[in-house]
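Enquirer: Below you'll find the structure I mean.
The values are calculated or read from the model by the stated rules, or taken from the named source; none is laboratory data. Bear in mind that the values here come from a model prediction, so they are computed numbers and not experimental data. Every residue, glycine as well, gets a Cβ built from its backbone with ideal geometry; the counts of neighbours run over all protein chains shown.
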Amino acid sequence: MRHRIRLEFRKMRRLRTLPLLVGLVIAVAALSSTSLFSGGTRETFDNPAAQPWAALLLSYTMMAAMTSPILAAVLASRQTDIEHSGSGWTLAAAAGRTAGSLCRSKLTALAILLLPAVAAQSLVVVGIGLLAGIQVPLDLGPWAAYTVLLYLVDVAFCALHIWLAARVENQLISVGCGMLGAFLAVFSLLMPPAVSKAIPWGYYAVISHAGQKSGDVVYVTASYGWIAGFLILVAVVFALATRRLDWVER
């Protein structure tokens, strides 16, 4: 398994996956923090009642919902398309590696890559908040919980897009689904929670730990049971789908 993951990282170097990921992390952090430099926002930096960290977390949640579905689709598509274009499925089969095991290796490699990326993304947003002058103590719990859940949901969508990219050679379909998902993820932040829970991309809104109440930004409690159920469902679907791929002749 380690050898297979190392091979996936070698493919990432060829695909320049790391620069793409770093660029997006910086872009999301920058876009999430733009509101910090407005005059009205700066006036709340020393007011605990104004919840400046919650407001920043809500802005971060919106930017992550807008970009993460596209990121998952692009990463999975690029990592899988190389097998279509380079006869990778055939070469892997000749080496005794099934299509399903190859997909599982790709997911493991992407999960390893996303872990520091998502953590760094949150840390950069917090760092910008501190540099901008927020004086209210940071509420670490909601930020840490959101970061962990964002990572898990990103990995879940990478799994779904790896399977789709493996089954459909035209990668525009996978990336197109990611773009549609980004729209639904952002729109889900405005939907009733019950509707968001019924849409896969709505879980970018379900994991939110900040929201608006009576016009004020406050911390909220995420629906951890629903989130756990969604992640378990994706894991089961991916496991069964890739097992089925093991028997598909390429």
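Enquirer: Kindly list the number of the only condition in (1) farther than 22 Å from THR108 by Cα; (2) surrounded by fewer than 20 Cβ atoms within 10 Å (Cβ to Cβ); (3) within 16 Å of the chain's Cα centre (by Cα); (4) among the hydrophobic types (A, V, I, L, M, F, W, C) that fails for LEU231.
Expert: Only one criterion is unmet by LEU231, namely (1).
Enquirer: Of the residues that sit in the range 112-150 and are touching a strand residue (DSSP E or B) at 6+ places or on another chain (Cβ under 9 Å) and assigned to a helix (DSSP H, G or I), which one is surrounded by the most Cβ atoms within 10 Å (Cβ to Cβ)?
Expert: The selected residue is TYR146.
Enquirer: So, one more: For the range 1-29, which positions are of a type in the set (Gly, Ala, Ser) and either free of Cβ contacts under 8 Å to residues at least 40 places away in the same chain or not in a helix (DSSP H, G or I) (or both)?
Expert: Across the range 1-29, the qualifying residue is only GLY23.
Enquirer: While we're here: Identify, by number, the condition in (1) at pLDDT 90 or above; (2) more than 23 Å from VAL118 (Cα to Cα); (3) not polar (S, T, N, Q) that ALA55 doesn't meet.
Expert: Just one mismatch for ALA55, condition (2).
Enquirer: Search the range 58-91 for residues being modelled with pLDDT under 90 and among the hydrophobic types (A, V, I, L, M, F, W, C), and hand back the single one that is nearest to ALA144 (Cα to Cα).
Expert: ILE82
Enquirer: Looking at the range 10-56 only, could you name the residues that are farther than 30 Å from LYS106 by Cβ and either among the small types (Gly, Ala, Ser) or touching a strand residue (DSSP E or B) at 6+ places or on another chain (Cβ under 8 Å) (or both)?
Expert: Selection gives SER33, SER35, SER38, GLY39, GLY40, ALA49, ALA50, GLN51, ALA54, ALA55.
Enquirer: Take the conditions in contact (Cβ under 8 Å) with a residue 60 or more places away in the chain and not in a helix (DSSP H, G or I) and apply them to SER208. Does it pass?
Expert: When the stated conditions are applied, SER208 passes them.
Enquirer: Kindly provide the set of residues from the range 32-52 that are among the aliphatic types (A, V, I, L, M) and either surrounded by 19 or more Cβ atoms within 10 Å (Cβ to Cβ) or at pLDDT 90 or above (or both), ordered by number.
Expert: LEU36
Enquirer: Of the numbered conditions (1) assigned to a helix (DSSP H, G or I); (2) surrounded by fewer than 20 Cβ atoms within 10 Å (Cβ to Cβ); (3) of a type in the set (Val, Ile, Thr), VAL153 fails exactly one; give the number of that condition.
Expert: (2)
Enquirer: Hey, among the residues in the range 93-105 that are in a helix (DSSP H, G or I) and at pLDDT 65 or above, which one's farthest from the chain's Cα centre (by Cα)?
Expert: So the residue we want is ALA99.
Enquirer: Cβ-Cβ distance below 7 Å, separation of 6 or more or different chains: which pairs start in the range 53-81 with a residue that is on the phi < 0 side of the Ramachandran plot and free of Cβ contacts under 8 Å to residues at least 60 places away in the same chain and end on one that is in a helix (DSSP H, G or I) and among the aliphatic types (A, V, I, L, M)?
Expert: These pairs meet every condition: MET63/VAL28; MET63/LEU31.
Enquirer: Given the structure, is ALA159 more than 21 Å from ALA55 (Cβ to Cβ), surrounded by 20 or more Cβ atoms within 10 Å (Cβ to Cβ) and within 17 Å of the chain's Cα centre (by Cα)?
Expert: Yes, satisfied.
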